[in-house]
1. For segment B:14-31, name all the residues that are more than 10 Å from chain A (Cβ to nearest Cβ) and of a type outside the set (Val, Ile, Thr).
2. I need the strands (runs of 3 or more DSSP E) fully contained in segment A:17-136, keeping only those with at least 3 residues that are within 14 Å of chain B (Cβ to nearest Cβ).
3. Under 24 Å from A:ASP192 (Cα atoms) and either of a type in the set (Ser, Thr, Tyr) or in contact (Cβ under 8 Å) with a residue 40 or more places away in the chain (or both): does that describe A:THR21?
4. Regarding B:TYR304, is this residue without any contact (Cβ under 8 Å) to a residue 60 or more places away in the chain, part of a helix (DSSP H, G or I) and not aliphatic (A, V, I, L, M)?
5. Restricting to segment B:103-147, name every residue that is out of contact with any Leu (no Cβ under 7 Å at 6 or more places or on another chain), within 13 Å of B:PHE326 (Cα to Cα) and not aromatic (Phe, Trp, Tyr).
6. Being among the small types (Gly, Ala, Ser) and free of Cβ contacts under 8 Å to residues at least 24 places away in the same chain is the filter here, so list the residues in segment B:104-121 that pass it.
7. Can you tell me which residues in segment B:162-199 are within 14 Å of another protein chain (Cβ to nearest Cβ) and either under 13 Å from B:ALA349 (Cα atoms) or within 21 Å of the chain's Cα centre (by Cα) (or both)?
8. Consider A:PRO247 carefully, then state whether it is outside the structural domain of A:PRO379 (by TED's automatic domain parsing) and either within 30 Å of A:ARG378 (Cα to Cα) or in a loop (DSSP other than H, G, I, E, B) (or both).
Amino acid sequence: MSTYDIAVIGGGNAALCAAITAAEAGARVLILETAPKPYRGGNSRHTRNLRCAHNGPLGPLVESYREDEYLDDLLKVTDGNTDEQLARLAIRSSEDCLPWMEAHGVRFQPSLSGTLSLARTNAFFMGGGKSLVNAYYRATEALGVDVAYEAYVTHLELSGDRIACVEYTHQGKDHRIEPTAVIVASGGFQADTDWLARAWGPAAKNFLIRGTPYNRGVVLADLLEQGVESVGDPTQCHAVAIDGRAPKFDGGIVTRLDCVPFSIVVNKNAERFYDEGEDVWPKRYAIWGRLVAAQPDQVAYVIIDSKSLNLFMPSVFPPLKADTLEELATKMELPADRLRHTVETFNAACGDASAFHPTELDGVATSGLTPPKTNWARPISDPPFYGYSLRTGVTFTYLGLKVDETARCSSSTSPIRNLWAAGETMAGSILGQGYLAGFGMTIGTVFGRIAGREAASYAN
Amino acid sequence: MQTDLIAEARRQAEICNACRYCEGYCSVFPALHSQRAFADCDITQLANLCHNCRGCYYACQYTAPHEFDLNFPKALAEVRRDSWESLAWPQPLAKRFHTHGGAVALALIVGFAFMFLTIRALGSAGGVGFYAVMSHGAMVALFAPAFLFPLLSLAISLRRYWQAVGGRLITLADLKAAFGRAVRMTDLAAGHGEGCNFEDKDRFSQARRYAHQAIMYGFLLCFAATCAGTVLHYVFNNPAPYPFWSVPKLLGVPGGVLLTLGCAWMAWLKLQSDRTLGDPQAWGGDIGFILLLGFTGLSGLLLYVLGTTAWMPALLSVHLGAVLTFFLLTPFTKMTHGFYRIAALLADAQRHRK
């Protein structure tokens, strides 16, 4: 068996950026990817863009998007729960990432239909994240990096201030290797629903996992047990409201539902529980993940009428459809009389809807209703009626490895000399809550490259 | 049309419409994303717009083993072939050749035999060169109908297609847009212009695009050579044979070389590619057609090189047999795709200006 300078644990964007950078610096690199080849790439296969700072037009990006504006956008969504030094490092380095990505085979396309608001800030990968992952695997192949698929890393042995060995199973055999340096880029733990349930409570068993089933946090747990410094609230995860019929894992982008602002949302008792029109959907879908999680059985039901059917992006599964509210209630297994009552109460609270504007905060609100609907409040009155179920879809977890500006991990007493982390598994070092579209790929690319550079420099 | 093929393509299109990651690859996705629901005719149009570049398959996060089981290039390829078979006229010939390479080979053998027997039966009418074997009049009597029948057949089919997809009066701008995409084969280049995914899985390569253009331009040059010969014959009273430095030869020889090499290259690429990303049933028919087209080019070149030897009469029969078979099968083989593709590109151009 050949010996490696660097073992990279994980096979998504951050892992690949690290492996490519290290291999280009002359290191012999082994990638240990848990997933089988068709599912390689972790959550990166579901991504579609990278948020990128730029001081003028850059590739597909128009105008400019400067460091301070980028940081402001981040601080808004994280409520200040941000490590500013690391965030600035990620933001500042993002501008270099785009040409680097192109040089390694990633291609960009203009902002997708329905996402024009991101044309200035986010560079979209042509074909999405899986095509990016494919391009990077091609690049690693050209550099002579070895990739082991279905390689389950079970243990990294911390001995003093260094990782002494990596243990993994591959093709039915246990392996123990002693690379000079190790880069952990194996994501969060959200696919381990037991862990999620321990952190969140039993309700988490009803959550859907939007991404890969292979992010089970095995390496993360192993390192935390050995006292490697962690960051982030273990009970926190980024969750959004998605189509309740989505698969348990890997539903990805298509399971999103954009119709909430035009709807009323009820729980299984056919009662409303929150202002559906509080803000435009891209700014609210994340809080709805938590709202739905707090409802009985962690499920909610969206109800619209024919007026609103064409106002949002098509859903992957067609909505349930009925000519009467009672019929819709039956199809959705909701109490029909309660639903009728809720809708009638809501309709009666609606006022003049002539100012209705689907893409702006139009101020068309209910009066005297609790909870109110503060925008887009039009009566649910024109049959046919349509319904979707909503469930909580977990994107990633915040608990991770704490790193410094060189992406290096540490124990409680000192930095660990040969352990670096990149991507989701250390994203908690930068943001403690909230999320900004495309920022995960920025963190993965920037810190993947830093980790690859540092590890190679150590190994050489 | 087979409703199950359309239903499967629709199921997949609805997933694509909720994702949209592939919007930058080709003409199909912007067309797909401009709609919320897909009637049968919409699926037929998308299928004929698809050039099977496979970029969307390799980029797709929902291919098997994912439960959504997307294979959009295959779904569209199956609808596409089914649409050609359903719209073809006359129907008895429609379903023989797309799915049966053996039928193409058999037709070719029948073509050879027919030419040998015809030539033997007619005998020499005392002309020179090729016309010593078969008189000009006999050739015209045979090939004029063999050329006009496919044109009539295609005209009927394309009219049906145009009505099905709701095409309108074609403008110069439509033609410019559609032919502009075809002459550069933009839809085999992906949005970044680096080609398609074919012979080496997810690697982008220009090979298939270039091979296709070699075949297409080779064919068009050969066709132009024939037209030039016709003009020389009737307008300038200058019958064949023509020397190398003449318009028919200067068009035909490079055309034949491009056609022959292009077809050989394409057949080789097809052998490297993943058959499950196309229409598996049409594999044999497609290969049969490519070999027939390439053989037509090759036999023409041999005829040119060996035209003054004792091989000439036999080679002439073989070449004319190949040409005859190729023409007659045009509406019922892969050759028909070019006509539908142009129609689909025209319809798509009209979508853009409405």
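The values are calculated or read from the model by the stated rules, or taken from the named source; none is laboratory data. What you see is a predicted model; the values in this text were computed from it and never measured. Cβ: placed from backbone, ideal geometry, glycine included. Neighbour counts: every protein chain shown.
1. Residues satisfying the conditions are B:CYS26, B:SER27, B:ALA31.
2. Working: elements: A:29-32, A:49-51, A:122-125.
So the answer is A:122-125.
3. It is false that A:THR21 is under 24 Å from A:ASP192 (Cα atoms) and either of a type in the set (Ser, Thr, Tyr) or in contact (Cβ under 8 Å) with a residue 40 or more places away in the chain (or both).
4. Considered against the rule, which asks whether it is without any contact (Cβ under 8 Å) to a residue 60 or more places away in the chain, part of a helix (DSSP H, G or I) and not aliphatic (A, V, I, L, M), B:TYR304 comes out as yes.
5. If the condition is that a residue be out of contact with any Leu (no Cβ under 7 Å at 6 or more places or on another chain), within 13 Å of B:PHE326 (Cα to Cα) and not aromatic (Phe, Trp, Tyr), then B:ALA103, B:ALA105, B:LEU106, B:ILE109, B:VAL110 are the ones that fit.
6. Matches in segment B:104-121: B:ALA121 only.
7. Within segment B:162-199, B:ALA189, B:ALA190, B:GLY195, B:CYS196, B:ASN197 qualify.
8. Taking the combined requirement at face value, the residue does not satisfy it.
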